[in-house]
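The values are calculated or read from the model by the stated rules, or taken from the named source; none is laboratory data. No experiment lies behind these values; they were computed from the predicted model shown. When we count neighbours, we look across all protein chains shown, and the Cβ atoms used for this are built from the backbone with ideal geometry, even at glycine. Each accessible area value is taken on the protein alone, full model and side chains, heavy atoms only, with ligands, DNA and RNA left out. Shrake-Rupley method; radii C 1.70, N 1.55, O 1.52, S 1.80 Å.
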Amino acid sequence: MVRTKVEQKIFVAALEILRSRGPLAVSVESVAAASGVAKTTIYRRYANRDEMLTAAVASIASETEIPESLSAHDAIRWVLRHATDTIENVVGRGTVAAVLVDADPAFTTLLRGLIRTSASPFRDDLRARSERGEIKRDLDIELVISMLLGAVVAELVRGRPTDDAWVETVLALVWPALQPS
C-alpha cells in the first residue's frame, strides 16, 4: 500500500512515541505535536486514537520470511536475532512493558495479532523441519516459539544485552533440546 507523506509522518511519530513511551502515550495530540501534522488532518484520516495506532502498527506488520537456505540451527539463530531486532527497533521496550501489564487492553490485542502474524512463517518453518526430521518430530512448536520469544523479552526486561554473544549462548542451550534423536 502506498502511503502519503502525511500518513508517513503520522506513522513515524506514532511509532516513535510507542517505542519510547508505550501505547498509553500515543494520542492524536501527541502524534500531532511530534509529527507537525494538524490534529484536524489526523482526524480526517482516522476516527480516533485507536484507529490511528492500529494503522501505524499495521504499517510495520509484515510477514517475515525465513531465508530458505538456512539450516535448522541457523534458522533458530535468525529467529532470535529477528525477535530482538523487532522488539528493540520496531515496537520498543515501553510497548513490551505495557503489554505485559495489559495497560491498554485494545493495544495488547492488536500487538498479539502482530506477533501471531510475524511468528506464522517461523511456526510453519519449524513444522516443516520437524516433518523432515531436521529437528525432533514430537516438538511442541508453540512452546518452542514461546521459549525463544520469552528469552528475548526476559533479557530485555532484566536490562541485559541481547547481542550476538547472547544469541549464541541461548542457541547453545536450546539447540540440544531441538535436535533429532
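When Rg is the radius of gyration of the Cα atoms in the chain and Rh is its Kirkwood radius, what does Rg/Rh come to?
Result: Rg/Rh = 1.04.
Using the Cα centre as the reference, give the magnitude of the dipole from point charges on the C-beta atoms of segment 10-95 (Lys, Arg: +1; Asp, Glu: -1; all else neutral), rounded to the nearest 20 debye.
Result for segment 10-95 is approximately 440 debye, rounded to the nearest 20.
Say we join alpha carbon atoms closer than 10 Å with springs in a Gaussian network model of the chain; which of Thr108, Thr84, Thr40 then has the biggest fluctuation?
Evaluated over the chain, the most mobile residue of the options is Thr40.
Whole number in Å², please: accessible area per residue of segment 1-132, 1.4 Å probe, ligands, DNA and RNA not counted.
On the way: 6950 Å² over 132 residues.
In whole numbers, segment 1-132 has 53 Å² accessible per residue.
For a quick check, take a GNM of the chain with Cα springs below 10 Å and name the residue from Ser118, Ser59, Ser71 with the largest mean-square fluctuation.
Taking springs between Cα atoms under 10 Å, the residue moving most is Ser71.
Please compute the length gained on full extension between Arg45 and Leu173, using 0.36 nm multiplied by the number of residues separating them and subtracting their Cα-Cα distance. Intermediate values should be presented prior to the final figure.
Numbers: separation 128, 0.36 × 128 = 46.08 nm, distance 4.82 nm.
Length gained, Arg45 through Leu173: 41.3 nm.
In degrees, nearest 10, range 0 to 90: what is the angle between the Cα axis of helix 49-60 and the longest Cα principal axis of the chain?
40 degrees
Sequence neighbours fewer than 8 away in the same chain don't count; with that in mind, list the lysines whose C-alpha is under 28 Å from Lys39.
Partners within reach: Lys5, Lys9.
Among Asp163, Asp50, Asp125, which one shows the highest mean-square fluctuation when the chain is modelled as a Gaussian network with alpha-carbon springs under 10 Å?
In this elastic network of the chain, the residue with the biggest mean-square fluctuation among Asp163, Asp50, Asp125 is Asp163.
Specify the angular offset, from 0 to 90 degrees and rounded to the nearest 10, of the alpha carbon long axis of helix 72-85 from the longest principal axis of the alpha carbons in the chain.
Helix 72-85 sits roughly 20 degrees off the main axis of the chain.
At most 13 other Cβ atoms within 10 Å plus a DSSP loop assignment makes a site exposed; report the longest stretch of the chain without any exposed trypsin sites (Lys or Arg not before Pro).
That gives 4-136 as the longest site-free run.
Place +1 on the Cβ of every Lys and Arg and -1 on the Cβ of every Asp and Glu in the chain, take the dipole about the Cα centre, and give the residue among Val101, Ala56, Ala119 whose Cα lies farthest towards its positive end.
Value: Ala56.
How far, in degrees from 0 to 90, does helix 5-21 lean away from the longest principal axis of the Cα atoms of the chain, to the nearest 10?
60 degrees
Select from segment 52-147 those GluC sites (Glu not before Pro) which occupy a DSSP coil region and have at most 13 other Cβ atoms within 10 Å, ordered by residue number.
Loop-located and lightly packed - Glu63, Glu65, Glu68.
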